[in-house]
Amino acid sequence: MSGGKSWPRQRGEIDAYNAFLSAYPARNSDRGFSDEGYRLTNFFPTINNSFTETAVEPDFSLYDGETLILAEVKQGNNIEPRDVEQAKRLDSVSIDAAEEYIDKIDVDGRFGLSGNVFSTEPLVYYDDLDSDYVDDCRNKWEDCREQLEELEEYCPVLGREGEQTLQLLAGEFGSDHLQEWLTAGIEMAETPRVTVTMTDGLEIESIAVTICRFWGDRAVSEPVTVGVSELRTHFNYRDLEPGRVKSAFDLLDELGACDRVEKREIEFTPGHMPEILNIESLITDRSGDEDQESLDDFF
């Protein structure tokens, strides 16, 4: 049975994003991505690419005026066939496609960078992968070794070494500088700042939790109202469909965390604070109930 709508799975994905981003800028190091001249240009970008039938969609793009890094972030340490396919797609992005993308996102106006692209560097980061696991993967588990070897053909594999260091663990960068720098690693924050709050797939549960954290938490002493348009404007880096936002509103209303004022608007009040503060547990319990119902239906 798949993870379904499980909030713990979504939370793990979000935590992995924020762990990776704690290396930009690195609070505990002077060698984070930003210190090396890279700028985090976009979250979950779309890059049109002539070598793939559909657009390439990494989780993050970073750029320093010459090199475009395309980063894919994974929770856990399990290397799956779909990861290899994603790496292959990232590796296929041409210089022309990269330059077209860079031109579109206005790096000159936003960061004062040239817009030239001389190389693209894909990478995959696994939040629970370390060198011990990679050694076991190579030497003990044949299926894992095959997946790892295929993955590193297309892009380098980074993980979390010793709990706190983002480090290159397998594969090679085209750039000698990136190879040397990320082999040494970047010290990550013990408690990463929450930069990303929703999953890449914009799942309803992650949207609902985000709404509670940004607007619900403010309703301690007086009501707070939020509508579909306001939420979509606030998260202007994401293509949030109105239907998804309304589904998240429905979920919060169902869990007693808000009142539905209008079809496209909800209101949080001080009386909702117990549910607002406990929203993750409420969603987890609800997801568990739905998974059990699905299992019962299966049998």
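Quick note: the coordinates plus some simple rules give every number you see, no bench work behind them. It should be emphasised that the depicted structure is a prediction, and the values quoted were computed from it without experimental measurement. Glycine also receives a Cβ, built like all others from the backbone with ideal geometry; neighbour counts cover every protein chain displayed.
Points to keep in mind about this one:
- Rounded to the nearest 10 degrees, the angle from helix 81-91 to the longest Cα principal axis of the chain is 60 degrees.
- Restricting the trypsin sites (Lys or Arg not before Pro) of region 137-200 to loop positions (DSSP other than H, G, I, E, B) with no more than 14 neighbouring Cβ atoms within 10 Å leaves K140, R193.
- Cβ charges +1 (Lys, Arg) and -1 (Asp, Glu), total dipole of region 145-237, debye: 700 debye
- For D59, distant residues with modelled amide H under 5 Å away: A71, E72, V73
- Net +/- balance of residues flanking M273 in space, Cβ distance below 12 Å, scoring K and R +1, D and E -1: -2
- Rounded to the nearest 0.05, the FRET efficiency derived from the C-beta distance between S34 and D143 at R0 = 51 Å is 0.85.
- In order along region 94-102, phi translates into HN-Hα couplings of 7, 4, 4, 5, 5, 5, 4, 5, 4 Hz, rounded to whole numbers, per the Karplus curve 6.51 cos²θ - 1.76 cosθ + 1.60 with θ = phi - 60° and x for Gly and Pro.
- Largest first, the extents of the alpha carbon coordinates of the chain on the three principal axes equal 57, 52, 41 Å.
- Gained length - N116 relative to D136, 0.36 nm times residue gap less alpha-carbon distance: 3.1 nm
- If only the Cβ of Lys and Arg carry +1 and only the Cβ of Asp and Glu carry -1, the dipole of the chain around its Cα centre is close to 1020 debye.
- Loop-located GluC sites (Glu not before Pro) across region 131-216 with a Cβ neighbour count of 10 or fewer within 10 Å are E163, E190, with loop assigned by DSSP.
- The calculated FRET efficiency for the pair E99 and R218, based on their C-beta separation and a Förster distance of 35 Å, comes to about 0.25.
- The packing ranking of peptides 216-227, 58-69, highest mean first, is 58-69, 216-227, where packing means the average number of other beta carbon atoms within 10 angstrom of each residue.
- Cβ crowding within 10 Å, taken as a proxy for footprinting-reagent exposure, orders C155, C144 from fewest neighbours to most as C144, C155.
- Among the cysteines of the chain, C155, C212, C258 have no other cysteine beta carbon within less than 4.7 Å of their own.
- Rounded to the nearest 10 degrees, the inclination of helix 142-154 to the longest alpha-carbon principal axis of the chain is 80 degrees.
- For the pair T54 and R286, a Förster radius of 45 Å applied to the C-beta separation gives a FRET efficiency near 0.85, rounded to the nearest 0.05.
- With both residues required to sit in the chain, DSSP beta bridges show an antiparallel share near 70%.
- Alpha-carbon centroids, region 200-242 and region 57-129: separation in whole Å: 27 Å
- Highest-fluctuation residue, G162, G112, G256 considered, GNM on the chain with Cα pairs under 10 Å: G112
- For the chain, the longest principal axis of the Cα atoms and the long axis of helix 279-298 meet at an angle of about 90 degrees.
- Helical mean residue ellipticity (222 nm; -39500 (n - 2.57) per DSSP H run of 4+; nearest 500) of the chain: -13000 deg cm²/dmol
- Placing pseudo-labels 7 Å out from each Cα toward the beta carbon at T191 and E163 gives an inter-label distance of 1.5 nm.
- Listed residue (S92, L240, G12) projecting farthest to the positive dipole end of the chain, Cβ model: L240
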